[in-house]
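K.L.:
Can you keep this structure in mind? I'll have questions shortly.
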Amino acid sequence: MFVSVIVEPGSIESGKDLTDILTKFAFSKIQRFCWENMRFSESDIVALKKDIDRVTDYYDKVRFYQFPVEGQFVITELRQKKWRRCAFAPCAK
């Protein structure tokens with residue numbers, strides 16, 4: 001699955017920690033705060049979220065854009081230390 005991660009660190013330390021985690025999971029830096037991985041597995045998402053939870057605080061924001069997840073486009077966001085998920089089904093013609 002394709003996964004794009006947007007990182008908005010609340011501090012320099014958490015920014016460095018998030019960069020280390022994304023590099024460990026073989027993400028490529030596309031822009032300043034945008035990382036992508038074209039071949040990411042569903043099981044790796046759980047491990048990635050746990051690692052991100054470990055190094056982030058209330059002021060950090062992280063957003064995942066995933067496709068396909070059960071045929072849907074999914075946006076998952078960490079804001080104020082809470083994960084939120086929104087799934088979009090394909091449009092019917």
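K.L.:
Say whether the condition of being acidic (Asp, Glu) and farther than 11 Å from Val5 by Cα is met by at least one residue in segment 22-41.
P.N.:
Checking segment 22-41: not a single residue is acidic (Asp, Glu) and farther than 11 Å from Val5 by Cα.
K.L.:
Here's another thing I want to ask about it. Being within 16 Å of Phe2 (Cα to Cα), open to solvent by 60 Å² or more (accessible area, probe 1.4 Å) and over 14 Å from the mean Cα position of the chain (by Cα) is the filter here, so list the residues in segment 62-88 that pass it.
P.N.:
Pro68, Glu70, Phe88
K.L.:
Of all residues in segment 1-21, which are closer than 19 Å to Glu70 by Cβ, open to solvent by less than 50 Å² (accessible area, probe 1.4 Å) and at pLDDT 95 or above?
P.N.:
Passing the criteria: Val3, Ser4.
K.L.:
Also, quick follow-up: Kindly indicate the residue of segment 40-61 that is among the hydroxyl-bearing types (Ser, Thr, Tyr) and open to solvent by 40 Å² or more (accessible area, probe 1.4 Å) and also nearest to Ser28 (Cα to Cα) among those meeting that condition.
P.N.:
Ser41
K.L.:
Still on this structure, please answer the following. State which residue is modelled with the lowest pLDDT when the search covers only segment 57-85 and only residues that are acidic (Asp, Glu) and closer than 22 Å to Phe40 by Cα.
P.N.:
Glu70
K.L.:
Identify, by number, the condition in (1) more than 22 Å from Phe73 (Cβ to Cβ); (2) surrounded by 16 or more Cβ atoms within 10 Å (Cβ to Cβ) that Lys24 doesn't meet.
P.N.:
That leaves (2) as the condition not met.
K.L.:
Looking at (1) over 30 Å from Ile12 (Cβ atoms); (2) within 12 Å of the chain's Cα centre (by Cα), find the lone condition where Lys49 falls short.
P.N.:
Unmet for Lys49, out of (1) over 30 Å from Ile12 (Cβ atoms); (2) within 12 Å of the chain's Cα centre (by Cα): (1).
The values are calculated or read from the model by the stated rules, or taken from the named source; none is laboratory data. Owing to the predicted nature of the structure, the values given are computational and were not obtained by experimental measurement. Glycine also receives a Cβ, built like all others from the backbone with ideal geometry; neighbour counts cover every protein chain displayed. Surface accessibility is based on the protein's heavy atoms, side chains included, excluding ligands, DNA and RNA. Shrake-Rupley method; radii C 1.70, N 1.55, O 1.52, S 1.80 Å.
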